[in-house]
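Q: Before anything else, here's the structure in question.
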Amino acid sequence: MSKHDVESIKTGSNHLRGTLLDSLADAATGALADDDTQLSKFHGIYQQDDRDTRDERRKRFLAPDHSFMIRARVPGGVCTPEQWLAMDAIATTLANDSLRLTTRQAFQFHGVLKGDLKPSLQAIDRVLMDTLAACGDVNRNVMCTPLPELSAVHRDTVAAADGLSEHLTPATTAYHEIWMDREKVSGGPDEEPIYGKTYLPRKFKVAFAIPPQNDVDVQAHDLGFVAIEENGALAGFNVTVGGGMGATHGDPATYPLLAQVLGFCTPEQVNAVGETIVTIQRDFGDRGNRKHARFKYTVEDHGLEWLREEFERRAGFALAPPRTYHFTDNGDRYGWQQGDDGLWHLLLYIQNGRIRDTEHAKQLTGLREIAHLGVGEFRLTPNQNVALAKIPEAEKDTVDALTREHGLDAHEQLSALRLNAMACVALPTCSLAMAEAERYLPDLLGRFEALLERHGLGGEAITVRMTGCPNGCARPYLAEIGLVGKAPGRYNLHLGAAFDGTRLNRRVGENMDERQILSTLDEWLGRYASQREAGERFGDFVTRQLTNETPEAAHA
Ligand code: SRM
Ligand code: SF4
């Protein structure tokens, strides 16, 4: 095994300690030791460098401009005003003056210097949040539909999501020793009852969806729970397994997959289901090939029936037959809604999850002022937006005025296309980006909007997602229009996913520049405008057309 093989680094790390303390103390460099850059991920930290200046620095024989991305976990996206203020303070004093909401309902900070890592993590800890397992080969931030229509079902589903998140959090005390300067509790290395010494073969992701919303894209996850409501109460969950988005260009052995339904469990069985599936993946996931190590491939390779048997053997119980449910969409529902307890929720649009103050809108300041009111909760959404939740009637007007004053009311003016779009971070921070995403999509959407207008489709809600590479961080394969970065200015174009996130799209164009993307879309939108059936969604129309054509034509 090579020195940098992730499996051997994990094994030799003494439960994720490695030489992180030495790396942090080394004032001669702004970077961590190589092996520690792998271990830091388990602590929610990625070493990055500014890709905008990378080439120029290399030419001048300068070391890369290192800084760090920190990801803070927010199970179910639920965050108190006090926690929001702490995140805001880190963003404005220790990071790059922006707070980034992610596609998994977490916070990210970019541009943090090595010496500011510890103060940042300590500030996160002081408000009872953490970054442990936000990244790395463990279970990640557990997602949950943030604002459903049935509040009783929601309360119980969030509690289940929270419980499972807690249950699957690594037990190692390394996080507290390294970042919080806490003494090691016992003499020997600590135990990881669920993960063991080598943790999981790869990242693992869990989501809870509350129909009719599928905002979490439940079938994109290794393990999913679909809440089943009966008589206004939570009866339990349909369990889905083996979803994932990641792929590699030119490698047909890697591909996005939708999760399949395994059965139904009660709310009391959720932790046992989670633990059993995680340990099956721990023991059967492919540790020899990280590109084939996700649970989706374990399920594909062994089959659903094998998984069911292995599950029953380990769990000691069988899942019940799945129940029926219906999804309508995978987007966010903007504006004010009232819950069954009389409290109000306001869902706000944030462009690609990036909150900052600009000369046009002081969104960071606005949300800080709202947090200072100390009412309700913040809820991060799976579409990179934020909701102000549980606002009492008496505070509604004040909150409303603050959002208008700070340009947080964009959802009232923007096109349905824009409100259903998202892009991953990509350049300049993401080390894997091949093309722009977050910095480019807003402009491109303007040109898409012009096309829609031209075909009389101006008000049409169509999901658009862009990523800077095929890893799938904005779940682009579940967008009606998906753009996947191939090279600077070049994208693969995917069309035809279902508006409710239950069907993947298919690739219709490769390595396209903007002109080719626009002309292909122009043609498709023209056909859609003239030939669609009543109420037919764009993704459904494209799929109907492609499946009526010959396979060759469909993939031209
Ligand atoms: Fe992701 C790697 C950003 C959600 C699949 N992802 C990365 C890294 C850490 C790049 C790296 O490894 O160096 C990116 C950091 C960029 C930066 O500068 O911030 C990154 N991923 C993101 C975020 C911030 C995108 C966003 O714009 O919001 C999302 C953070 C989620 C969170 O809070 O935990 C994010 N990533 C996702 C999702 C969507 C989801 O989970 O619902 C996926 C697809 C689902 C899946 O996992 O199958 C996703 N990210 C990946 C992959 C491909 C994994 C695979 O199976 O092949 C990588 C690369 C890897 O793991 O090797 C990756
Ligand atoms: Fe980076 Fe690719 Fe993920 Fe975008 S999809 S954040 S470019 S890894």
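Residue by residue, here is whether (1) of a type in the set (A, V, I, L, M); (2) out of contact with any strand residue (DSSP E or B) (no Cβ under 9 Å at 6 or more places or on another chain) holds:
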position: 287; (1), (2): no, yes
position: 313; (1), (2): no, yes
position: 318; (1), (2): yes, no
position: 332; (1), (2): no, no
position: 346; (1), (2): yes, no
position: 352; (1), (2): no, no
position: 372; (1), (2): no, yes
position: 382; (1), (2): no, no
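Q: Conditions first: (1) more than 11 Å from ligand 1 (Cβ to nearest atom); (2) under 25 Å from residue 474 (Cα atoms). Residue 120 passes all but one, so which condition is the exception?
A: Unmet for residue 120, out of (1) more than 11 Å from ligand 1 (Cβ to nearest atom); (2) under 25 Å from residue 474 (Cα atoms): (2).
Q: Select from the stretch 492-521 the residues that are among the hydrophobic types (A, V, I, L, M, F, W, C) and in a strand (DSSP E or B) and write down the one among them that is farthest from residue 382 (Cα to Cα).
A: As a first pass, look at the stretch 492-521 and keep what is among the hydrophobic types (A, V, I, L, M, F, W, C): 493, 495, 497-499, 504, 508, 512, 517-518, 521.
Retained after the next criterion (residues that are in a strand (DSSP E or B)): 493, 495, 508, 512.
Working: 493: 23, 495: 21, 508: 26, 512: 28 Å.
That would be 512.
Q: Please find, within the stretch 91-127, the residue that is surrounded by the fewest Cβ atoms within 10 Å (Cβ to Cβ) out of those that are among the β-branched types (Val, Ile, Thr) and more than 16 Å from ligand 2 (Cβ to nearest atom). Break it down stepwise before answering.
A: Step one: of the stretch 91-127, the residues among the β-branched types (Val, Ile, Thr) are 92-93, 102-103, 112, 124, 127.
Retained after the next criterion (residues that are more than 16 Å from ligand 2 (Cβ to nearest atom)): 92-93, 112, 124, 127.
Numbers: 92: 17, 93: 12, 112: 22, 124: 24, 127: 17.
Applying the filter and picking the extreme gives 93.
Q: Taking the conditions exactly as written (surrounded by 17 or more Cβ atoms within 10 Å (Cβ to Cβ) and either modelled with pLDDT of 95 or more or within 18 Å of residue 275 (Cβ to Cβ) (or both)), does residue 169 satisfy them or not?
A: yes
Q: Kindly establish whether residue 67 is more than 14 Å from residue 179 (Cβ to Cβ) and either in contact with a Leu (Cβ under 7 Å, 6 or more places away or on another chain) or within 16 Å of ligand 2 (Cβ to nearest atom) (or both).
A: Judged against the criteria, residue 67 is a match.
Q: Take residue 506 and tell me if it is of a type in the set (Lys, Arg), closer than 30 Å to residue 102 by Cβ, within 16 Å of ligand 2 (Cβ to nearest atom) and without any contact (Cβ under 8 Å) to a residue 60 or more places away in the chain.
A: Taking the combined requirement at face value, the residue does not satisfy it.
Q: For the subset of the stretch 318-341 comprising residues that are touching a helix residue (DSSP H, G or I) at 6+ places or on another chain (Cβ under 7 Å) and farther than 28 Å from residue 503 by Cβ, which member is surrounded by the most Cβ atoms within 10 Å (Cβ to Cβ)?
A: Here the answer is 339.
Q: Still on this structure, please answer the following. Can you find even one residue in the stretch 128-143 that is under 20 Å from residue 179 (Cβ atoms), more than 16 Å from ligand 2 (Cβ to nearest atom), of a type outside the set (Ser, Thr, Tyr) and in a helix (DSSP H, G or I)?
A: Checked against the condition, which is being under 20 Å from residue 179 (Cβ atoms), more than 16 Å from ligand 2 (Cβ to nearest atom), of a type outside the set (Ser, Thr, Tyr) and in a helix (DSSP H, G or I), the stretch 128-143 yields no hits at all.
Q: Additional query: Show me the helices (runs of 4 or more DSSP H) entirely contained within the stretch 255-315 in which 3 or more residues are surrounded by fewer than 17 Cβ atoms within 10 Å (Cβ to Cβ) and either in contact (Cβ under 8 Å) with a residue 24 or more places away in the chain or within 25 Å of the chain's Cα centre (by Cα) (or both).
A: 304-315
Q: Go through 181, 190 for me and flag whichever is surrounded by fewer than 23 Cβ atoms within 10 Å (Cβ to Cβ) and in contact with a His (Cβ under 8 Å, 6 or more places away or on another chain).
A: Exactly one residue qualifies, and that residue is 190.
Q: Consider residue 449 against the criteria (1) of a type outside the set (A, V, I, L, M); (2) under 30 Å from residue 96 (Cβ atoms); (3) in contact (Cβ under 8 Å) with a residue 40 or more places away in the chain; (4) assigned to a helix (DSSP H, G or I): it satisfies all of them except one. Which criterion is unmet?
A: With respect to (1) of a type outside the set (A, V, I, L, M); (2) under 30 Å from residue 96 (Cβ atoms); (3) in contact (Cβ under 8 Å) with a residue 40 or more places away in the chain; (4) assigned to a helix (DSSP H, G or I), residue 449 is out only on (3).
Q: Against the definition (touching a strand residue (DSSP E or B) at 6+ places or on another chain (Cβ under 7 Å), under 30 Å from residue 263 (Cβ atoms), of a type outside the set (Phe, Trp, Tyr) and not in a loop (DSSP other than H, G, I, E, B)), how does residue 323 come out, yes or no?
A: When the stated conditions are applied, residue 323 does not pass them.
Q: Yes or no: residue 475 at positive phi, within 16 Å of ligand 1 (Cβ to nearest atom), within 16 Å of the chain's Cα centre (by Cα) and crowded, with 20+ Cβ neighbours inside 10 Å?
A: The answer is yes for residue 475.
Q: Let me ask something else about it. Which one of the conditions (1) in a loop (DSSP other than H, G, I, E, B); (2) surrounded by fewer than 22 Cβ atoms within 10 Å (Cβ to Cβ) does residue 200 fail to meet, given that it meets all the rest?
A: Residue 200 satisfies all of (1) in a loop (DSSP other than H, G, I, E, B); (2) surrounded by fewer than 22 Cβ atoms within 10 Å (Cβ to Cβ) except (2).
Q: Please count how many residues of the stretch 377-434 are more than 16 Å from ligand 1 (Cβ to nearest atom) and in a loop (DSSP other than H, G, I, E, B).
A: 8
Q: Same structure, new question: Just give me the residues in the stretch 75-90 being buried (at least 17 other Cβ atoms within 10 Å of the Cβ) and in a helix (DSSP H, G or I), in sequence order.
A: Hits for the stretch 75-90 are 75, 76, 77, 81, 83, 84, 86, 87, 88, 90.
Q: Can you tell me which residue among 502, 543 is under 21 Å from the mean Cα position of the chain (by Cα), farther than 30 Å from residue 431 by Cβ and modelled with pLDDT of 95 or more?
A: Exactly one residue qualifies, and that residue is 502.
Q: Please work out if residue 365 is hydroxyl-bearing (Ser, Thr, Tyr), more than 30 Å from residue 265 (Cα to Cα) and modelled with pLDDT of 95 or more.
A: Criteria met by residue 365.
The values are calculated or read from the model by the stated rules, or taken from the named source; none is laboratory data. As the structure is a prediction and not an experimental result, all values here were calculated from the model. Positions of Cβ are generated from backbone atoms using ideal geometry, with glycine treated the same way; all protein chains shown enter the neighbour counts.
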